[in-house]
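Following: one structure in structure tokens, then a few remarks.
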Amino acid sequence: MFHRESGYYKTTYAADMALYPLPIARWTVAGIALAMCIAPFVLHAYYVSVINLILVATVGALGLNILVGYTGQISIGHAAFMSVGAYTAANLAVRLDLPFWVTLPAGGLMAAAIGAIVGIPSLRIKGLYLAIATLAGQLIIEWTINHVPWISGGMQASIEVPRPTLFGAQLRTQHQLYWFLLFFAVLAIVGTLNLVRSRIGRAFIAIRDQDIAAEIIGINIFRYKLLAFAISSFYAGVTGVLYTYYLGIANYEQFQIVTSIDYLAMIIIGGLGSILGSIFGAIFVTLLPIAIRLAMENWGAFLFGDADINNLIPNLRLMVFGGLIIVFLVLEPEGLNRLWRNIRSYFRVWPFSY
Amino acid sequence: MLRRLKLLSTALAGAALVLAAPAFAQKDIVIGLQCDRTGATQTVGVFLCPGYHDYIALVNSKGGVGGAKIKALEIDHEYKVPSAVESYERHKKEGAVLISLYGTPQTQALTQRLTEDKIAGTSPGFGTAAAANGDKYPYLFPIAATYWSQATGAVQFAKDKLGGSLKGKKIGYLYFDNPAGREPLPVLEALAKEEGFEMRTFAVPSPGVEMGAQVLDIAQRFRPDFVIAHLFGRSPSVSIKELKRAGYPLSKVVSFVWGASEADITAAGGWATAEGYYGIQFAGVGSDYPVLKEITEMYKKQGKPAPKEMASTVFYNRGVLIAAIHVEAVRNAVKAKGGTNITPEDVKKGFESIKGFTLGGLVPPLEINNVDHEGGGWVQIFQAKGGKWVKATDWFRAYPTLLRKMLATGA
């Protein structure tokens, strides 16, 4: 991740397959883990809430990246899978009074099932056509939730859910919820890291690079494409459940098409087909608007009047956000992850050019 | 060298003094203001938020509340839920004593947080109607007529227009097919039973710009005696255009609050097209209110022209109304506490003691208490007539007993 190696000295298969082959990599990961553990004790609830949003977004971005980045299928319906997870968990939690460790996997599994169904067109069509098919999935799911009170819980299409309880204590504050969200975000990251280097992950990558060739070498396209949709939707469903517990309400209006596009933006900016890229993307898309606003609040007063500033901040934020996305993608079409790798390889030989 | 150092240290000390000076002044009272100037409902936000800030500036120019200035910290959340959560936490960090929420999904996402943190939030014209019940939602204040109150108001208005009885009459309900659009349905159904009229619903799917079939159905097949419209965004203007084209008289159409602005009329093709169209309002419309004149005066004193947003009186005045009710709640809190070091809990009680505050007719005769967080559900109906909105009724509220019953059961 953040390390640099020199040469290949591996003598066993186990060493070759290690997730973090070098001690320095293990130390870096340990360092980050330590920082994440200390963070809530030193940070104000506001900053913790921002991290919480990033953690939830990371799970969703990872899931979408499995589908789009690793398997090469596109989905503009991911927000709908999130709402499937959210409503499944909310109904189970409210009607049957089930705890989160039942509702969370249940929400994920339900989303996986629906996702596999929506993914069926991917067996026949690709690219833009598949995008439209998944868009239809998004709209159908939205409509269904909107019109079936048995799912949506009534006219308002929102179900209030009690906060998660752990060992009899209810997790309410941002700090308490941080641990809840961190646990599942880490689980999602470790899960994806291992998924993509497993047999399944390699099959996904083979399908992405050339699906006919993949079929010829014996990969069951039917199975793996649907599996990609199911796994990816499982992540999306879990994201929806996490949102539901984090906000205390399941509401489909926050899982509309705009959200799907936001998540696509995250993985494209972060880097398709990379785990670190998904995390970078989630951080970037969540933090950039906040950073731009903070900068404007602190230094904007030198340039503009008070009344103008309120109108300028949001508009300028959109412009800077859009501009930065273009700049990043022109600089490095493969996203922030590639940019990070470029920086690393530059410093590897520094101060020499190569 | 030494002399220069001395000079430098004096300058630094002076600077420190200047920087420290505001610390002696009274602490500002912070209000968290959520806005949407760039998202899905930006057509509202660009007028509503300046109205809010102008009223706060007016209060501050008169010395603030109890000597303390009010600071409305605006955060634009683009109508997105994660941004709204972030902005709420930021407001809380800055010590906001109340939160001006914006948007239905955002309100719902923050409802539980508000209760846990014991901070009052307001949701005028959006959120859920059930929030009017202060027992169930102690920290959520609609402070303006909810969709349920608007529905009863619309039916009452139709009844008055149709000669005092709705028995055997037909009413069409044209609505945006989302939770907010469907929210008034139980109220309308209950009223149809009570008043004996036939109601038929016409749903317009999102994004609501295509409703030719529904309007033809209304005008040619169902031929209702009155139409109640509840649409958002671009769709109200489309409905005006389509109803006009289908030959349905616009003077038999009454729209809910988000389909009754100047912008809707302009988008529908101008005032001549929309002549006769009725709109429900929860804030006064037009510029004929003393508070608006004061704002213009304030700008004149600063040597500036009145802001151009004032011309869009429907949304601008709503911004002024929201700000005015917030300031009134803060004022009540300061009065009760006897100082400006108020807490969110004080402001919540301040909201619950608002009474007889009308701002020269811009605000309805609200009466908010610990049970009724809506303040009575007052509405006023305006008609598009001769190039502007003309008052068609005074402030009124309809079927309060039915509403109270439904709120209690939480239908």
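The values are calculated or read from the model by the stated rules, or taken from the named source; none is laboratory data. A quick note: this is a predicted structure, and the numbers were derived from the prediction, not measured. With ideal geometry, Cβ positions are generated from the backbone for all residues, glycine too; neighbour counts draw on all protein chains shown. When the accessible area is computed, the model is the full protein with side chains, heavy atoms only, and any ligands, DNA or RNA have been set aside. Shrake-Rupley method; radii C 1.70, N 1.55, O 1.52, S 1.80 Å.
Matching residues to (1) of a type in the set (Gly, Ala, Ser); (2) modelled with pLDDT of 90 or more; (3) in the same structural domain as residue B:236 (by TED's automatic domain parsing); (4) within 24 Å of residue B:149 (Cβ to Cβ):
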position	(1), (2), (3), (4)
B:266	no, yes, yes, no
B:269	yes, yes, yes, no
B:272	yes, yes, yes, no
B:275	no, yes, yes, no
B:301	no, yes, no, no
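Could you grab me the full set of residues in the range B:220-251 that are charged (D, E, K, R) and either at pLDDT 90 or above or closer than 20 Å to residue B:158 by Cβ (or both)? First the steps, then the outcome.
So the first thing to find is which residues in the range B:220-251 are charged (D, E, K, R), and the list is B:221, B:223, B:225, B:234, B:241-242, B:244-245.
Matches in the range B:220-251: B:221, B:223, B:225, B:241, B:242, B:244, B:245.
Run residue B:177 past the list (1) in contact with an Asp or Glu (Cβ under 7 Å, 6 or more places away or on another chain); (2) open to solvent by 10 Å² or more (accessible area, probe 1.4 Å) and report the number of the one that doesn't hold.
Among (1) in contact with an Asp or Glu (Cβ under 7 Å, 6 or more places away or on another chain); (2) open to solvent by 10 Å² or more (accessible area, probe 1.4 Å), residue B:177 violates only (1).
Return the residue satisfying two criteria in turn: it lies in the range B:34-47 and is within 12 Å of chain A (Cβ to nearest Cβ) and in a helix (DSSP H, G or I), and of such residues it is surrounded by the most Cβ atoms within 10 Å (Cβ to Cβ).
B:45
Tally time: how many residues in the range B:387-411 are more than 22 Å from the chain's Cα centre (by Cα) and open to solvent by 70 Å² or more (accessible area, probe 1.4 Å)?
Taking the range B:387-411 and keeping what is more than 22 Å from the chain's Cα centre (by Cα), we get B:387, B:401-402, B:405-406, B:408-411.
This time we only want the ones that are open to solvent by 70 Å² or more (accessible area, probe 1.4 Å), so: B:401, B:405, B:408-409, B:411.
Final tally of qualifying residues: 5.
Restricting to the range A:61-85, name every residue that is closer than 18 Å to residue A:133 by Cα and among the β-branched types (Val, Ile, Thr).
The answer is A:68, A:71, A:74, A:76, A:84.
Mind checking which residues of the range B:338-376 are acidic (Asp, Glu) and within 18 Å of residue B:99 (Cα to Cα)?
Scanning the range B:338-376 gives B:345, B:346, B:352, B:374.
Restricting attention to the range A:297-321, report how many residues are away from chain B (no Cβ under 11 Å) and of a type in the set (A, V, I, L, M, F, W, C). If you could, list the steps in order and put the result at the bottom.
To start, the set of residues in the range A:297-321 that are away from chain B (no Cβ under 11 Å) comprises A:298-304, A:320.
With the extra rule that they be of a type in the set (A, V, I, L, M, F, W, C), the set shrinks to A:299, A:301-304, A:320.
Result for the range A:297-321: 6.
Quickly run through the range B:259-286 and pick out the residues that are within 20 Å of residue B:361 (Cα to Cα) and within 17 Å of the chain's Cα centre (by Cα).
B:260, B:261, B:262, B:279, B:280, B:281, B:282, B:283, B:284, B:285, B:286 - these are the residues of the range B:259-286 that are within 20 Å of residue B:361 (Cα to Cα) and within 17 Å of the chain's Cα centre (by Cα).
Name every residue in the range B:93-109 that is crowded, with 21+ Cβ neighbours inside 10 Å and facing another protein chain (nearest Cβ under 8 Å), in order of residue number.
Initial filter on the range B:93-109 (crowded, with 21+ Cβ neighbours inside 10 Å): B:96-109.
Selection gives B:104, B:105, B:108, B:109.
If I filter the range B:377-398 for residues that are free of Cβ contacts under 8 Å to residues at least 40 places away in the same chain and in the same structural domain as residue B:121 (by TED's automatic domain parsing), do I get at least one hit?
Just the residues of the range B:377-398 that are free of Cβ contacts under 8 Å to residues at least 40 places away in the same chain, to begin with: B:390, B:394-395.
Cutting the leftovers down to in the same structural domain as residue B:121 (by TED's automatic domain parsing) gives us none.
Within the range B:377-398 (the criterion being free of Cβ contacts under 8 Å to residues at least 40 places away in the same chain and in the same structural domain as residue B:121 (by TED's automatic domain parsing)), the answer is no, since none of the residues qualifies.
Among the residues of the range B:191-221, which ones are open to solvent by less than 30 Å² (accessible area, probe 1.4 Å) and among the hydrophobic types (A, V, I, L, M, F, W, C)?
B:191, B:192, B:197, B:202, B:204, B:211, B:215, B:218, B:219
Got a sec? Which of B:319, B:338, B:356 is assigned by TED's automatic domain parsing to the domain that holds residue B:121, among the small types (Gly, Ala, Ser) and open to solvent by less than 10 Å² (accessible area, probe 1.4 Å)?
Working: B:338 fails: open to solvent by less than 10 Å² (accessible area, probe 1.4 Å); B:356 fails: open to solvent by less than 10 Å² (accessible area, probe 1.4 Å).
Step by step, each of B:319, B:338, B:356 is checked, and only B:319 is assigned by TED's automatic domain parsing to the domain that holds residue B:121, among the small types (Gly, Ala, Ser) and open to solvent by less than 10 Å² (accessible area, probe 1.4 Å).
With the range A:12-90 as the region, which helices (runs of 4 or more DSSP H) entirely inside it contain at least 1 residues that are surrounded by 24 or more Cβ atoms within 10 Å (Cβ to Cβ) and within 14 Å of another protein chain (Cβ to nearest Cβ)?
Values: elements: A:13-17, A:23-42, A:45-65.
Output list reads A:45-65.
Just to verify a result, which residue in the range B:222-251, among those that are of a type in the set (S, T, N, Q) and under 16 Å from residue B:212 (Cα atoms), is surrounded by the most Cβ atoms within 10 Å (Cβ to Cβ)? Break it down into steps so the answer makes sense when it comes.
So the first thing to find is which residues in the range B:222-251 are of a type in the set (S, T, N, Q), and the list is B:235, B:237, B:239, B:251.
Still in the list and also under 16 Å from residue B:212 (Cα atoms): B:235, B:237, B:239.
Working: B:235: 26, B:237: 22, B:239: 31.
Ranking the candidates gives B:239 first.
Quick check, is residue B:254 at pLDDT 95 or above and either farther than 15 Å from residue B:151 by Cβ or surrounded by 21 or more Cβ atoms within 10 Å (Cβ to Cβ) (or both)?
Details: at pLDDT 95 or above: yes; either farther than 15 Å from residue B:151 by Cβ or surrounded by 21 or more Cβ atoms within 10 Å (Cβ to Cβ) (or both): yes.
Yes, satisfied.
Name the single residue that is farthest from the other protein chains (Cβ to nearest Cβ) among those in the range A:163-178 being open to solvent by 20 Å² or more (accessible area, probe 1.4 Å) and farther than 15 Å from residue B:117 by Cα. Full working, then the answer.
Quick first cut of the range A:163-178, residues open to solvent by 20 Å² or more (accessible area, probe 1.4 Å) only: A:165-173, A:175-176.
Of the ones still in play, those that are also farther than 15 Å from residue B:117 by Cα are A:165-169.
On the way: A:165: 14, A:166: 17, A:167: 20, A:168: 18, A:169: 14 Å.
The residue in question is A:167.
Please go through (1) under 19 Å from residue B:149 (Cβ atoms); (2) without any contact (Cβ under 8 Å) to a residue 40 or more places away in the chain for residue B:232 and return the number of the only condition it doesn't satisfy.
Condition not satisfied by residue B:232: (2).
If you go through the range A:144-169 one residue at a time, how many are assigned to a strand (DSSP E or B) and under 30 Å from residue B:183 (Cβ atoms)? Step through it out loud before you land on a result.
Restricting attention to the range A:144-169, the residues satisfying the condition of being assigned to a strand (DSSP E or B) are A:158-160, A:165-166, A:169.
From what's left, under 30 Å from residue B:183 (Cβ atoms): A:158-160.
Of the residues in that region, 3 qualify.
State all residues of the range B:139-177 that are out of contact with any helix residue (DSSP H, G or I) (no Cβ under 6 Å at 6 or more places or on another chain), within 14 Å of another protein chain (Cβ to nearest Cβ) and in contact (Cβ under 8 Å) with a residue 60 or more places away in the chain; if no residue qualifies, say none.
Across the range B:139-177, there are no qualifying residues.
Please work out which residue is surrounded by the most Cβ atoms within 10 Å (Cβ to Cβ), limiting yourself to the range B:111-126 and to residues that are closer than 21 Å to residue B:44 by Cα and modelled with pLDDT of 90 or more.
Keep residues of the range B:111-126 that are closer than 21 Å to residue B:44 by Cα, which gives B:121-126.
Among the residues that remain, those that are also modelled with pLDDT of 90 or more are: B:121-124.
Working: B:121: 29, B:122: 23, B:123: 27, B:124: 25.
The extreme case among them is B:121.
Okay, residues lined up against (1) surrounded by 24 or more Cβ atoms within 10 Å (Cβ to Cβ); (2) within 12 Å of chain A (Cβ to nearest Cβ); (3) modelled with pLDDT of 90 or more:
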residue: B:55; (1), (2), (3): yes, no, yes
residue: B:61; (1), (2), (3): no, no, yes
residue: B:70; (1), (2), (3): no, no, yes
residue: B:73; (1), (2), (3): no, yes, yes
residue: B:86; (1), (2), (3): no, yes, yes
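Out of all the residues in the range B:110-137, which are within 14 Å of chain A (Cβ to nearest Cβ), in a loop (DSSP other than H, G, I, E, B) and closer than 15 Å to residue B:371 by Cα?
B:136, B:137
Does residue B:50 satisfy the criteria of being open to solvent by 10 Å² or more (accessible area, probe 1.4 Å), facing chain A (nearest Cβ under 9 Å) and either under 22 Å from residue B:258 (Cα atoms) or within 19 Å of the chain's Cα centre (by Cα) (or both)? Steps first, please.
Working: open to solvent by 10 Å² or more (accessible area, probe 1.4 Å): yes; facing chain A (nearest Cβ under 9 Å): yes; either under 22 Å from residue B:258 (Cα atoms) or within 19 Å of the chain's Cα centre (by Cα) (or both): yes.
The answer is yes for residue B:50.
From the list A:339, A:272, A:276, A:288, which residue is away from chain B (no Cβ under 11 Å), open to solvent by less than 60 Å² (accessible area, probe 1.4 Å) and in contact (Cβ under 8 Å) with a residue 40 or more places away in the chain?
A:276 is the lone residue from the list that is away from chain B (no Cβ under 11 Å), open to solvent by less than 60 Å² (accessible area, probe 1.4 Å) and in contact (Cβ under 8 Å) with a residue 40 or more places away in the chain.
Scan B:265, B:295, B:280 and give me the residue that is buried (at least 19 other Cβ atoms within 10 Å of the Cβ) and closer than 17 Å to residue B:51 by Cα.
Just a single option satisfies the conditions, and that option is B:295.
When you go through (1) within 14 Å of chain B (Cβ to nearest Cβ); (2) assigned to a helix (DSSP H, G or I) one by one for residue A:121, which number turns out not to apply?
The one condition residue A:121 does not meet is (1).
Cβ-Cβ distance below 7 Å, separation of 6 or more or different chains: which pairs start in the range A:240-263 with a residue that is more than 8 Å from chain B (Cβ to nearest Cβ) and end on one that is open to solvent by 10 Å² or more (accessible area, probe 1.4 Å) and of a type in the set (S, T, N, Q)?
Partner pairs satisfying both residue conditions: A:250/A:158; A:252/A:146.
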